[in-house]
Amino acid sequence: MSREPTAGLILAAGKGTRMKSEIPKALHPVAGMPMVELVSRAVRGAGIPRPTVVVGHGGDAVIEGLGDGYDFVWQREQRGTGHAVMMAAEALRHHHGPLLVTPGDTPLLSSETLARLIEAYHAESAQVSMATFVTVEPGGYGRIVRDEEGQVAQIVEDRDATPQQKALLEVNPAVYCFDCQLLLEVIQGLDSNNAQGEVYLTDAIAAIHSRGGKIVAETFDDPDEFMGVNDRWQLAEASRILRLRILRKHAMNGVTIVDPSSSYITMDVEIEPDALIEPMTVIEGNTRIGAGARIGPNAWVKDSVIGQDCRVFMSHVDQATMAEGSRCGPFSNLRPGTRLGAGVKIGNFVEVKNSEIGQATAISHLTYIGDATVGSGANIGAGTITCNYDGFAKHRTKIGNGAFIGSNSTLVAPVEIGDNGFVAAGSVITKGVPEGALGVGRARQEVREGWVNSWKAKKSSPE
Ligand code: UD1
Ligand code: MG
């Protein structure tokens with residue numbers, strides 16, 4: 001029998017009062033990714049390509065943050081999770097399959113869990129399948145109330161629960177798969193007669209039960225996965241759990257993580273086996289790291305491609321690429337648009353921006369290279385500065401293959417040093433130096449023999 005496809009609804013309109021933030025709760029990052037995006041990845045991974053997201057508080061920012069690939073519906077006033085579902089009724093009017101509903105504030109949810117709920121819904125021909133878990137700390141969660149036959153009959157919110165109900169340890173993580181049309185029908189009949197004066201989605205469970213609908217509870221063992229983030233401490237805790245999961249995944253793939261407690265790697269980073277991640281290292285965004293590379297200690301790498309056997313030691317690398325065997329640090333700053341060829345060496349207090357550095361070139365100390373193209377096998381001496389900015393526009397510097405730039409030289413762009421060109425130390429170069437030529441741009445040195453003694457004599461003789 002062919003199954004109706006499952007639709008997805010993510011509730012992300014809430015203000016998140018307990019976060020005490022100007023930023024909508026859904027956009028707070030967990031291990032570097034907005035929590036609503038983590039939830040929606042899990043929903044997509046369960047086979048729902050285009051989930052609907054209910055937005056409200058900070059909705060424009062949430063829509064912008066999530067981008068394409070979603071349908072959005074607005075809940076202008078946040079009058080409860082049931083009310084949020086009502087706002088999506090029009091969008092879901094023609095959907096006759098199951099509807100997966102998740103909160104937007106449970107960032108550790110997995111696709112497997114959601115797929116298991118969808119599977120149970122079909123396998124049991126249920127009207128609802130829902131997750132539950134048992135915890136010794138049920139405070140804050142809705143409690144699962146079962147009937148004499150052991151079937152889920154009702155969910156009671158913490159704030160509405162009687163002392164007996166509060167003692168129940170089976171709780172509601174708020175992840176459900178509903179018969180969509182049935183949910184839309186029963187939701188119309190719910191009231192807000194409760195402690196919070198809200199329309200609760202949880203009340204749909206009692207309504208479906210009283211109509212004789214079949215409610216299947218899937219009980220899960222890992223309560224971490226359902227952790228709701230309602231305040232900053234829970235945010236930190238969720239980040240810690242996710243961070244360790246990410247590190248573990250890399251370790252299992254053959255990456256050495258020297259110190260999991262001080263390594264921060266965000267979701268989408270790719271690392272090849274036999275790379276080594278030293279302590280106090282942050283690797284973020286869309287970064288790829290090759291086999292045998294060694295990152296850290298004390299490194300921060302973002303949106304960069306680090307080739308095989310590279311070394312990033314106490315340095316900052318942002319939107320840069322490093323080809324095989326190149327290295328930087330300590331205290332290098334590779335800024336956006338930096339492209340290092342194979343075997344390049346960038347040393348201490350060297351800043352490189354929007355520049356291409358050819359194979360095996362060395363820039364070892366105290367240098368700024370901006371908007372430059374540097375050939376291969378060149379040597380850039382300590383204290384070299386490309387003056388790329390004239391106060392109005394940026395200009396490029398070109399340095400050829402095998403060039404040698406003497407220490408403390410200033411290259412005023414636009415300017416070009418040809419292949420194998422030399423620049424004398426301490427030069428200010430404003431004109432091009434052709435291939436194989438020497439550019440000298442400094443005051444000529446004078447030597448005055450015996451000058452010191454005659455000067456001292458002059459100073460000490462009486463007038
Ligand atoms: C909810 C459940 C509770 C469950 C808990 C699990 C209800 C009534 N309660 O409580 O049983 O144990 O989640 O974490 O559903 N939202 C809206 N519009 C609103 C209100 C909320 O979109 O008007 C969204 C929020 O943005 C959030 C989600 O719904 O992503 C849950 O809301 P929240 O206020 O955090 O509910 P809980 O008190 O955690
Ligand atoms: Mg919550």
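Could you identify the single residue in Gly14, Gly8 that is part of a strand (DSSP E or B) and either away from ligand 2 (no atom under 16 Å from the Cβ) or assigned by TED's automatic domain parsing to the domain that holds Pro173 (or both)?
Gly8
When you scan region 1-59, how many residues do you find that are within 13 Å of ligand 1 (Cβ to nearest atom), open to solvent by less than 20 Å² (accessible area, probe 1.4 Å) and small (Gly, Ala, Ser)?
Final tally of qualifying residues: 7.
Would you mind stating whether Gly228 is away from ligand 1 (no atom under 15 Å from the Cβ), of a type in the set (Gly, Ala, Ser) and on the phi < 0 side of the Ramachandran plot? Full working, then the answer.
On the way: away from ligand 1 (no atom under 15 Å from the Cβ): no; of a type in the set (Gly, Ala, Ser): yes; on the phi < 0 side of the Ramachandran plot: yes.
When the stated conditions are applied, Gly228 does not pass them.
When both residues are 6+ apart or on different chains and their Cβ atoms are under 6 Å apart, which pairs have a first residue that lies in region 67-84 and is on the phi > 0 side of the Ramachandran plot, and a second that is within 15 Å of ligand 2 (Cβ to nearest atom)?
From region 67-84, the pairs are Gly80/Glu198; Gly80/Tyr200.
Can you tell me which of (1) surrounded by fewer than 23 Cβ atoms within 10 Å (Cβ to Cβ); (2) assigned to a helix (DSSP H, G or I); (3) within 16 Å of ligand 2 (Cβ to nearest atom) is the one Val85 doesn't meet?
Among (1) surrounded by fewer than 23 Cβ atoms within 10 Å (Cβ to Cβ); (2) assigned to a helix (DSSP H, G or I); (3) within 16 Å of ligand 2 (Cβ to nearest atom), the lone unmet condition for Val85 is (1).
Just the residues that are of a type in the set (Lys, Arg) and either open to solvent by 50 Å² or more (accessible area, probe 1.4 Å) or more than 20 Å from Asn408 (Cα to Cα) (or both), please, taken from region 337-368.
Within region 337-368, Arg339, Lys345 qualify.
Quick one: Arg240 ticks every box in (1) more than 20 Å from Leu38 (Cβ to Cβ); (2) open to solvent by 30 Å² or more (accessible area, probe 1.4 Å); (3) not in a loop (DSSP other than H, G, I, E, B) except a single one, so which number is it?
The failed condition is (1).
I'd like the residue in region 88-109 that is part of a helix (DSSP H, G or I) and small (Gly, Ala, Ser) and, out of all such residues, is most open to solvent (accessible area, probe 1.4 Å).
Ala91
Here are the criteria: (1) more than 26 Å from Asp259 (Cβ to Cβ); (2) out of contact with any Phe, Trp or Tyr (no Cβ under 9 Å at 6 or more places or on another chain); (3) buried (at least 22 other Cβ atoms within 10 Å of the Cβ). Tell me which single one Leu334 does not satisfy.
The single condition Leu334 does not satisfy is (1).
I need the full set of residues from region 312-331 which are in a strand (DSSP E or B) and open to solvent by 40 Å² or more (accessible area, probe 1.4 Å), in order please.
Those that are in a strand (DSSP E or B) and open to solvent by 40 Å² or more (accessible area, probe 1.4 Å): His316, Thr321, Arg327.
The values are calculated or read from the model by the stated rules, or taken from the named source; none is laboratory data. What you see is a predicted model, and the numbers here were worked out from it, not measured in a lab. For neighbour counting, all protein chains shown are included, and Cβ atoms are generated from backbone atoms with ideal geometry for every residue, glycine included. Ligands, DNA and RNA are stripped out before the accessible areas are found, and what is left, the full protein with its side chains, is counted by its heavy atoms. Shrake-Rupley method; radii C 1.70, N 1.55, O 1.52, S 1.80 Å.
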